[in-house]
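The values are calculated or read from the model by the stated rules, or taken from the named source; none is laboratory data. Everything numeric in this text was worked out from a predicted model, so none of it was measured. Cβ atoms come from the backbone with ideal geometry, glycine included; neighbour counts cover every protein chain shown.
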2 protein chains.
Amino acid sequence: MTLPTLLRRIDEVRAACDDARRAGGTIGLVPTMGFFHEGHRSLMRAARAANELVVVSLFVNPTQFGPSEDLAAYPRDLDRDTQAAGDEGVDVLFAPSVDEMYPEPGVTTVHVSGLTDGLCGARRPGHFDGVTTVVAKLFSIVGPCRAYFGRKDAQQLAVITRMARDLDLPVEVVGCPLVREPDGVAMSSRNAYLTDEERAAATVLSRALASAADEISAGEREAAAILGGVRARIADEPLVELDYAELVDAATLAPIERIDADALLALAAFVGRARLLDNCSVTVSGDHVTIDQGVVAFAP
Amino acid sequence: MTLPTLLRRIDEVRAACDDARRAGGTIGLVPTMGFFHEGHRSLMRAARAANELVVVSLFVNPTQFGPSEDLAAYPRDLDRDTQAAGDEGVDVLFAPSVDEMYPEPGVTTVHVSGLTDGLCGARRPGHFDGVTTVVAKLFSIVGPCRAYFGRKDAQQLAVITRMARDLDLPVEVVGCPLVREPDGVAMSSRNAYLTDEERAAATVLSRALASAADEISAGEREAAAILGGVRARIADEPLVELDYAELVDAATLAPIERIDADALLALAAFVGRARLLDNCSVTVSGDHVTIDQGVVAFAP
């Protein structure tokens, strides 16, 4: 196993990427906030399989955190992350300081309207402006042919995909499956915040989605019925406080009353100090529906 | 003289630029709205002198026009522009349709705050969002090493320079001198709107700036005195209605009361159907000031 080249400076990353491009290679970028789990690693493997140079950025971006959120507490472990990136064959780990990314307070914002109105966008004002702006910066620095994002952050994936399309960015935004722990909990760096008891309680989120998926498979199409079930199941778990559970159109992310077209069933919930996301996507083809609840990763 | 290759489609321009990059060439981009005058041509020459591939974009961008502005009337003459670009050795003239640039209504906006608060930004709500967003798109499509803008649009140059810096865009934004007609009027495609009488009246703008420059050279530093003189001179010309005359800090574009550091003296005025801009920049070095009023172009 070779460790990735750890680069701290923008000009170093540009030079490495310029070299790769000049040699005719494609570049895959995996933007992350670090504290890698199997979800991140699946993105690295997807990038590794399709590109000559794989760059993973590791930056806990302050501009996407609200003032009362967990910026300071966000888990960090660069040594372990470097090992994990090496295991996945990553070439460059770009871990800039905040000063390197923001040498002065930025006055430029990339804003995606509409798609950011609901779900997490409604609960975390400014969050997606922070995300799109830093991702635009990372795209400018790395110049990737492809960039990889997990479907656990479904709204983020939709927003970044749309940003790339609207701004004609020369990058393919690749969405990768949500990855679950064996007990169903969606992998998240923020799971590190959970006590054992909270970790056990967090399974209610994926169980509630799985029950909803069963109901949809059995023919239920009404949002009120589907969401009522999800909310009731989560309300039964005293350690979990639902932030939202919504059924939205897959393309616009606007709330729907009935599943007539591709849809996203998405939720966010507070469990102890963590705010966790989960979702499943519903693909409609005539009378037939397919429900994607992601994949389960088992320890080797 | 070889005419430039006229390209209408984004993918064609990308392919031409990818070829040039692969061959190790640098790319210079001159973003324009067409109806070329000597100001545009000076940008093309600057680009030609420094790059292997010169791309001029010609796009009257609807998103930077307000609802009551002159989008429909904006002068267009593609045949003459193609000739002029050929005269200047331009390789590619990229003239997309509105549908090509906006196949669907864009929901992504690049916004630069602060620098857009005053001057034209205050009078043309949304204008600079339209400019920065379309320029970001053009940068994404062409991938220029250098992009050339005239100092007549001083606020635009400041805003785009800042956007590039904040978003780490891999492009050098090059500001080029304001170009004047022999009688001092700043070159502008919108001068085509003027009757002979209005065209004669428009000289008051550069004359007012030249008088202000004389006063500053003679030691005047107070904004109230300098702007009072400019406003009084322009008020004497019944065919010209001043929109604004302001003295602002060169870096922040915020109004100043005294010239203690580099400054911009900028104005906009309505002359007939045209809204015209003019400015001069003041560089301060100790007790010494240098005033840049641009260059005068004489017909060959």
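Given A:82, A:2, which one is part of a loop (DSSP other than H, G, I, E, B) and polar (S, T, N, Q)?
Values: A:82 fails: part of a loop (DSSP other than H, G, I, E, B).
Being part of a loop (DSSP other than H, G, I, E, B) and polar (S, T, N, Q) holds for just one of A:82, A:2, which is A:2.
Every residue in segment A:177-196 that is among the hydrophobic types (A, V, I, L, M, F, W, C) and buried (at least 18 other Cβ atoms within 10 Å of the Cβ), please.
Residues satisfying the conditions are A:178, A:179, A:185, A:186, A:187, A:194.
Residues are listed down the side, and each one gets a yes or a no for (1) farther than 26 Å from residue A:157 by Cα; (2) of a type in the set (S, T, N, Q); (3) in the same structural domain as residue A:161 (by TED's automatic domain parsing):
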residue	(1), (2), (3)
A:9	yes, no, yes
A:15	yes, no, yes
A:19	yes, no, yes
A:24	yes, no, yes
A:29	no, no, yes
A:42	no, yes, yes
A:54	no, no, yes
Testing residue A:120 on (1) under 21 Å from residue A:267 (Cβ atoms); (2) more than 14 Å from chain B (Cβ to nearest Cβ); (3) part of a loop (DSSP other than H, G, I, E, B), one condition comes back false. Which one is that?
(3)
Within segment B:57-67, can one find any residue that is assigned by TED's automatic domain parsing to the domain that holds residue B:13 and farther than 21 Å from residue B:139 by Cβ?
yes
Could you please let me know if residue B:144 is more than 9 Å from chain A (Cβ to nearest Cβ) and without any contact (Cβ under 8 Å) to a residue 60 or more places away in the chain?
no
Selection from segment A:254-276 of residues touching a residue at least 60 places away in the same chain (Cβ under 8 Å) and surrounded by fewer than 22 Cβ atoms within 10 Å (Cβ to Cβ) yields A:254, A:255, A:268, A:272, A:273, A:274, A:275
Anything in segment A:46-60 that is polar (S, T, N, Q) and assigned to a loop (DSSP other than H, G, I, E, B)? List them, or say none.
A:51
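Which helices (runs of 4 or more DSSP H) does segment B:142-251 wholly contain that include 2 or more residues that are out of contact with any strand residue (DSSP E or B) (no Cβ under 9 Å at 6 or more places or on another chain)?
B:196-201, B:203-217, B:223-235
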Residues B:183, B:196: which one is touching a helix residue (DSSP H, G or I) at 6+ places or on another chain (Cβ under 7 Å) and among the acidic types (Asp, Glu)?
B:183
With among the small types (Gly, Ala, Ser), within 14 Å of chain B (Cβ to nearest Cβ) and under 21 Å from the mean Cα position of the chain (by Cα) as the only criterion, which of A:202, A:192, A:210, A:164 stands out?
A:164
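Take residue A:134 and tell me if it is out of contact with any Cys (no Cβ under 8 Å at 6 or more places or on another chain), modelled with pLDDT of 95 or more and assigned to a helix (DSSP H, G or I).
Judged against the criteria, residue A:134 is a match.
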Which listed residue is modelled with pLDDT of 95 or more and of a type outside the set (Val, Ile, Thr), from A:262, A:287
A:262
Residue list for segment A:24-45, restricted to those being part of a helix (DSSP H, G or I), of a type outside the set (A, V, I, L, M, F, W, C) and touching a helix residue (DSSP H, G or I) at 6+ places or on another chain (Cβ under 7 Å)
A:41
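Hey, does segment A:61-72 have a residue that's in contact with a strand residue (DSSP E or B) (Cβ under 6 Å, 6 or more places away or on another chain) and either modelled with pLDDT under 95 or assigned to a helix (DSSP H, G or I) (or both)?
no
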Subset of segment A:123-136 that is in contact with a strand residue (DSSP E or B) (Cβ under 7 Å, 6 or more places away or on another chain) and in contact (Cβ under 8 Å) with a residue 40 or more places away in the chain - its residue that is farthest from the other protein chains (Cβ to nearest Cβ)
A:123
Of those in segment B:77-97 that are touching a residue at least 24 places away in the same chain (Cβ under 8 Å) and out of contact with any strand residue (DSSP E or B) (no Cβ under 9 Å at 6 or more places or on another chain), the residue nearest to the other protein chains (Cβ to nearest Cβ) is B:97
The residue that is nearest to the other protein chains (Cβ to nearest Cβ), considering only those in segment A:98-117 that are assigned to a helix (DSSP H, G or I) and out of contact with any Phe, Trp or Tyr (no Cβ under 7 Å at 6 or more places or on another chain), is A:100
Which numbered condition residue A:14 fails, given (1) within 29 Å of residue A:109 (Cα to Cα); (2) assigned to a loop (DSSP other than H, G, I, E, B); (3) in contact (Cβ under 8 Å) with a residue 40 or more places away in the chain
(2)
Just a yes or no: is a residue in segment B:36-51 within 14 Å of chain A (Cβ to nearest Cβ) and either modelled with pLDDT of 95 or more or under 21 Å from residue B:103 (Cβ atoms) (or both)?
no
Answer yes if at least one residue in segment B:40-54 is hydroxyl-bearing (Ser, Thr, Tyr) and crowded, with 17+ Cβ neighbours inside 10 Å, and no otherwise.
yes
Being modelled with pLDDT under 95, among the β-branched types (Val, Ile, Thr) and either out of contact with any Asp or Glu (no Cβ under 6 Å at 6 or more places or on another chain) or buried (at least 17 other Cβ atoms within 10 Å of the Cβ) (or both), is that true of even one residue in segment B:1-21?
yes
Would you say residue B:153 is at the interface with chain A (Cβ under 9 Å from one of its Cβ atoms), modelled with pLDDT of 95 or more and in contact with a helix residue (DSSP H, G or I) (Cβ under 9 Å, 6 or more places away or on another chain)?
no
